[in-house]
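Take a look at the structure below.
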Amino acid sequence: MCCDLKRRFLLLYATQKGQAKAIAEEIWQQAGAHGLEADMHCISEMDKYNLETEKDPVVIVISTTGTGDPPDAARKFVKKIQDTTLPPDHFAHLQYGLLGLGDSEYTFFCNGGKTVDRRLQELGAQHFYDTGLADDCVGLELVVDPWIDGLWLALKEAFLLQKEKEGMSSDAVSSSLSAAPHVGHELNLSSEVQNLKLEDERVRSSDVLTQKLVDIHLVAPTRDTEPSLVHSVPPVSQSALSIPALPPEYIEVQFQDTHGKNPHLSSLISEGTAFEVPVTKAVQLTREDAIKTALLLELDIADTVFDYQPGDAFCVICPNNVNEVEELLHILGLSEKGEYFVCVKVKEGTKKKGAAHPQHIPERSTLKFILTWCLEIRAIPKKAFLRALVECTSDVGEKRRLQELCSRQGASDYTRFIRDSNVCLLDLLHAFPSCKPSLNLLIEHLPKLQARSYSVSSSNLYQPGKLCFVFNIVEFPACPARPVSRKGVCTGWLAELVAPLLHPNKNTLDTKGGSSSTEKISIFARPNNNFHLPADPSVPFVMVGPGTGISPFIGFLQHRQKLREEHADWEFGETWLVFGCRHQDRDYLFKQLRCFLENGTLTHLKVCFSRDSSAAEVAPPKYVQDVIRLYAKEIARVLLKERGYFYVCGDKKHMADGVSDAVVDILSMEMEADKLEAMKILAMLREAKRYLQDVWS
């Protein structure tokens, strides 16, 4: 009995969109095959575990949300461990291993995991296994899979060490654990993704317990010389495959009658209050021949208690595309049951640990409501979903290819043909027509349809009762793996919704373009605690926002203009705006910026156009980072001498990193310091909340 207890470890997860939970469930599932018992809990369930008295090893899987925050589920936990009165040996008894999830597109990569890891170390906790940081930008599985592989040997050694410390014989636990196969060599995982080295020999006998070896002779070799979503080539096509264990089913679906009402959309959110508000205005800011189409929408919030500050964000509750929902119903053979109410229950006797009714699925609603408002049918299928789809596929060749795509050997094919190609469930069902999944499988594996976040582009002080926002209509062009083009889930829906405002009927007498609109959308607040104007209006600031990144700065300038009108005796600091786009005549989104310049709200307006040709002897700057370099002395003065603020909004990969590099170069040059010193200064500015970013990938 003692040995059984010592084979237990505590498994905690903190998830925002379900990925950390899914990985924790995979660890829980594999644990049994290694002779271990994972006591799994959400990190928020602090009544079910106690780290202060925990004697067994602890494994933590934690994601990152926002611009580097721990997930909502971890907030109370983080607040508790950040108590400054805790002594430095508070967790001296604790042995733990941590797996952080993040996206290197963002500045504070894996910061949720790093925050918890750092604080546990400060309180005396010890690693029994190296921290892993998985990057969603390149594929979480590149770190997650080998990290889990190496976990079992590390746990075994932790148990042996635990026995030695207790002064007891470790023979019993050693023999018990060695009965279960384990990874032959410990993986020394670097905490940085780019340093990760995957070794061929890491696939050991332990894989047999959690993976199924697939017969390589099931399918005749294809003549295609290039791989695709539906075809493989050697070596994958000739390999024995290591595929994930089949996830246990845990949902049961019952169809009922067609009588009743669907729940209100406000019941779909757990964070705050939703408001249904009319769209009163829609303007296309770009010309028809622009590469991207940008729209400005105005919402009427006068009859609500919705409040915001310039720089805040808010969320739009959006549906899936109606045609895609109908298509999915047709493929599933459920077209005639779309209006039937569905009762979703946890399957009796399921083997899934902690199986519960999905919170994002209403207790009672129609099938069409679930597919339209609750499930992200555009989600890129995870490998566990592909593994489950294998069992629903009758064609031998299609079955083999799905197995390849979810296998270790087919990892690069998965990345290329599914992840990078933005393939969704519908694409898979078209590509593999013999695959006929059940409705319960979709509910189990498709994530919650997330509300989409947008930056506010107005000021409540300047336009009381109004909220404006700007967005590009996202386009996903067709590709070999996905032969149809698509628009973004939310931006495509919004564009269709406001089409009558953009192209009013010629017979209408309404010349204001939309004041009579009755179209409504549901929104809820998502305050940004940092991306706001300086509290002291005399402090100067620089705004950098190419393309739709200019959106929050329109609100900044409107707010500043109103303050100047109402407080003529106040001192107002210098303001800079750096804007860039492709073509001056096609996508210069707010040409009225000059009005802010003329009335003194804006001190300096600098613009650049990356695709316009110039006959000037000295070529003008193409990108916002080039503009910043032209005004190096002024930027350095604002940041260093006048303790000003620097705001960046827009694309992370192609712009924000270039801007931060330019600022580092400016600081280095103006301070006559090396680059490392300049990078430290920039880090201090970030820490002081004087270099602020609102970026997306």
Task: In segment 546-629, GluC sites (Glu not before Pro) in a DSSP loop with at most 12 other beta-carbon atoms within 10 Å - done: E571, E617
- [ ] Determine the sum of side-chain charges near V322: Lys and Arg each +1, Asp and Glu each -1, restricted to other residues whose C-beta is under 10 angstrom from that of V322.
- [x] -3
Open item on the list: Once neighbouring chains are kept in place and the probe is 1.4 Å, which whole percent of the accessible area of segment 457-505 is contributed by carbon and sulfur?
Closed with: 61
- [ ] Using a/c under 1.5 as the rounded threshold, could you call segment 291-383 rounded, prolate or oblate? The axes a ≥ b ≥ c are square roots of the C-alpha gyration tensor eigenvalues, and prolate needs a/b larger than b/c, oblate otherwise.
- [x] prolate
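Filter K80/K156; K79/K156; K591/K622; K345/K368; K17/K351 down to the pairs with a C-alpha to C-alpha distance above 20 Å, please.
Among K80/K156; K79/K156; K591/K622; K345/K368; K17/K351, the Cα-Cα distance tops 20 Å for K80/K156; K79/K156; K17/K351.
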Task: Sequence-distant residues sharing a close amide H with R8 (under 5 Å, placed H) - done: E37
TODO: Search the structure for amide H atoms under 5 Å from the amide H of T280, placed 1.01 Å from N in the peptide plane, and list their residues when 5 or more places away or on another chain.
DONE: E298, L299, D300
TODO: Would you pull out the residues with amide H under 5 Å of T286's amide H, same chain only if 5 or more places away, H placed 1.01 Å from N?
DONE: A294
Open item on the list: Compute the helix-to-body angle for 141-165: its Cα long axis versus the longest principal axis of the chain, expressed 0 to 90° and rounded to tens.
Closed with: 50
Task: Stretchable slack from K591 to E571, in nm (0.36 nm times residue separation minus alpha-carbon distance) - done: 4.5 nm
Open item on the list: In whole Hz and in residue order, list the ³J(HN,Hα) couplings for segment 89-104 that follow from phi through the Karplus curve 6.51 cos²θ - 1.76 cosθ + 1.60, θ = phi - 60°; x for Gly and Pro.
Closed with: 10, 4, 10, 4, 7, 8, 10, 8, x, 10, 10, x, 10, x, 9, 5
Open item on the list: Under the 0.36 nm per residue contour assumption, what length would be gained going from the current alpha-carbon distance of S335 and K79 to full extension?
Closed with: 87.3 nm
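Net charge within 11 Å of D420 by Cβ-Cβ distance, Lys/Arg positive one each and Asp/Glu negative one each, not counting D420 itself?
Residues close to D420 contribute a combined charge of +2.
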TODO: Name the shape class, rounded, prolate or oblate, that the alpha-carbon gyration tensor gives for segment 1-155, where a ≥ b ≥ c are the square roots of its eigenvalues, rounded holds for a/c under 1.5, and otherwise prolate holds if a/b is larger than b/c and oblate otherwise.
DONE: oblate
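Can you give the helix-only mean residue ellipticity at 222 nm for the chain, where every DSSP H stretch with n ≥ 4 adds -39500 (n - 2.57) and the sum goes over all residues, rounded to the nearest 500 deg cm²/dmol? Walk me through the intermediate numbers first.
Numbers: 22 runs with 202 residues, N = 697.
Theoretical 222 nm ellipticity from helices: -8000 deg cm²/dmol.
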- [ ] First check a/c for segment 1-76, with a ≥ b ≥ c the square roots of the eigenvalues of its C-alpha gyration tensor; if it is under 1.5, answer rounded, and if not, answer prolate when a/b is larger than b/c or oblate otherwise.
- [x] oblate
TODO: Quick one: P(r) of the chain from all Cα-Cα pairs, 10 Å bins, percents rounded to integers, in order of increasing distance.
DONE: 3, 13, 21, 24, 20, 13, 5, 1, 0, 0
Open item on the list: Quick check: residue separation of V233 and R119 times 0.36 nm, minus the Cα distance between them. What number comes out in nm?
Closed with: 36.3 nm
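The values are calculated or read from the model by the stated rules, or taken from the named source; none is laboratory data. Every value quoted in this text rests on a predicted model; they were computed, and no experiment measured them. We place every Cβ from the backbone using ideal geometry, glycine too, and count neighbours over all the protein chains shown. For the accessible areas, the whole protein counts, side chains as well, though only heavy atoms, and no ligand, DNA or RNA atoms are used. Shrake-Rupley method; radii C 1.70, N 1.55, O 1.52, S 1.80 Å.
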